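Notes for the one structure printed next.
Just so you know, all these numbers are worked out from the coordinates, no wet-lab data involved. Bear in mind the structure is a predicted one, so any value in this text is a computation, not a measurement. Here Cβ is always computed from backbone atoms with ideal geometry, including for glycine, and neighbour counts include all displayed protein chains.
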Amino acid sequence: MNIQILGAGGWGTALAVVLARQGVPVRLWARSPERIEELRGARENRRYLPGVSIPEAVGFGLAPAADLAVVAVPTQHIRAALGGLGLPRVPVVSAAKGLEMSTHLRPTEILGRLFGTPTAALSGPSHAEEVARGLPATLVAASADEALAKTVQKLFMGETLRIYTSTDVIGVETAGALKNIIAIAAGICDSLGLGDNAKAALLTRGIVEIARLGAKMGAQRPTFFGVSGIGDLITTCYSLHGRNLRVGREVGKGRALSEVLAEMSMVAEGVWTSKAALELAREKGVEMPITEAVVRILHQGKAPREAVRELMGRLPKSETEDWA
């Protein structure tokens, strides 16, 4: 198969490197022609993935023909980056995570409307910095089209990358989007020095509210306790590579969100997904107290310690009944 990867950030580059090492013909596209030339000349993504050589087998720019497209563009920029691209009518795999702010759509929903072709999601605990260096990782290929999910599985699976399949696209994408919100909360927790007990509680209750909204959206609850759910959440809330965790830690120190984001070269999707998720939760009548606290801290100027006091002071509940 000839693979076209759209988006030359860290993750898009890592996926191109993985495929090339496995002998798959692949081309890597960036929105800026200057960026494409920079990558072609350096054979390294010095901005987003320094120290990792891009194999000679990786081509650059748009392929004249492709069998599959992989989109690694941040969710909020998919329409602007790809809307007028004129891709061939091939299946599209989303490697993005998030919810579009204006529509609350998941990446595969956006791509399906843009291109009108079958879609799949590729998600899980997978920092580009580790995957590109050949460290072991697992992902989930999810599609309503089981044959497409298996095609993606076969394509990406290798010695250091294990791929599972799923038909629960809603669950896989919802988990991948909402875990970034909890990661911001985890970073705030770290900076406030709240301890291991508090962070464990945060992750546990975080996956509960993620699953609660996901179920209302039509997801299968077991998905949230698999690789693309709790697995991705753990990585994002503890890894030094985590952009959302970093945002939370900096905001938890009292820094302004605008200042923190201005220093970052990569997108922290949870900042924007938090607002979309809270709006969606309110539409569906789902309680998401951690997400609401993150929105208040990031976008409404709430003091982090005050938000923690409010979370701890909520009315007593039964843990099992709280799943409803």
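Summary table
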item	result
Kirkwood Rh and Cα Rg combined as Rg/Rh, the range 116-219	1.05
Estimated distance in nm for a label pair at E34 and R314, the labels positioned 7 Å out from Cα along Cα-to-Cβ	4.7 nm
J(HN,Hα) series, the range 285-295, from Karplus relation 6.51 cos²θ - 1.76 cosθ + 1.60, nearest Hz, glycine and proline x	x, 9, 7, 9, x, 5, 4, 4, 5, 5, 4
Rounded to 5, the percent of DSSP beta bridges in the range 54-205 classed as antiparallel	20 percent
Among G229, A63, S274 the positive-end extreme of the charge dipole of the chain (Cβ point charges)	S274
Per-pair calculated FRET efficiency, R0 = 35 Å: S102 and N2 via Cβ, rounded to 0.05	0.55
As computed over the range 170-323, the Cα convex hull volume per residue (Å³)	106 Å³
Residues E269, E283 arranged by fewest to most Cβ contacts within 10 Å	E283, E269
Nearest-20 debye value, the range 268-324 charge dipole, Cβ charges on Lys, Arg, Asp, Glu	260 debye
Cβ-placed point charges (K, R +1; D, E -1), dipole of the range 170-323 about Cα centre in debye, nearest 20	160 debye
Cα-based Lys proximity count in the chain, under 16 Å, for pairs eight or more positions apart or on separate chains	8
Top positive-direction residue, dipole computed over the chain with Cβ charges, set V294, A142, A120	V294
Whole-Hz couplings from phi, Karplus 6.51/-1.76/1.60, listed for the range 154-167; x for Gly and Pro	5, 5, 9, 6, x, 5, 10, 10, 9, 10, 9, 10, 7, 9
Least to most buried among D190, D67, D196 (fewest other Cβ within 10 Å first)	D196, D67, D190
T117 paired with K284, simple spin-label distance in nm, labels 7 Å along Cα-to-beta-carbon	2.9 nm
GNM result for the chain, Cα springs below 10 Å: residue of G176, G229, G285 fluctuating most strongly	G285
GNM flexibility winner over the chain from R162, R133, R47 (Cα, springs under 10 Å)	R47
Fluctuation leader among H104, H241, H77 - the chain, Gaussian network, Cα springs under 10 angstrom	H77
Charge dipole (debye, nearest 20) of the chain; +1 at Cβ of Lys and Arg, -1 at Cβ of Asp and Glu	240 debye
Rounded to 5, percent antiparallel among DSSP beta bridges of the chain	20 percent
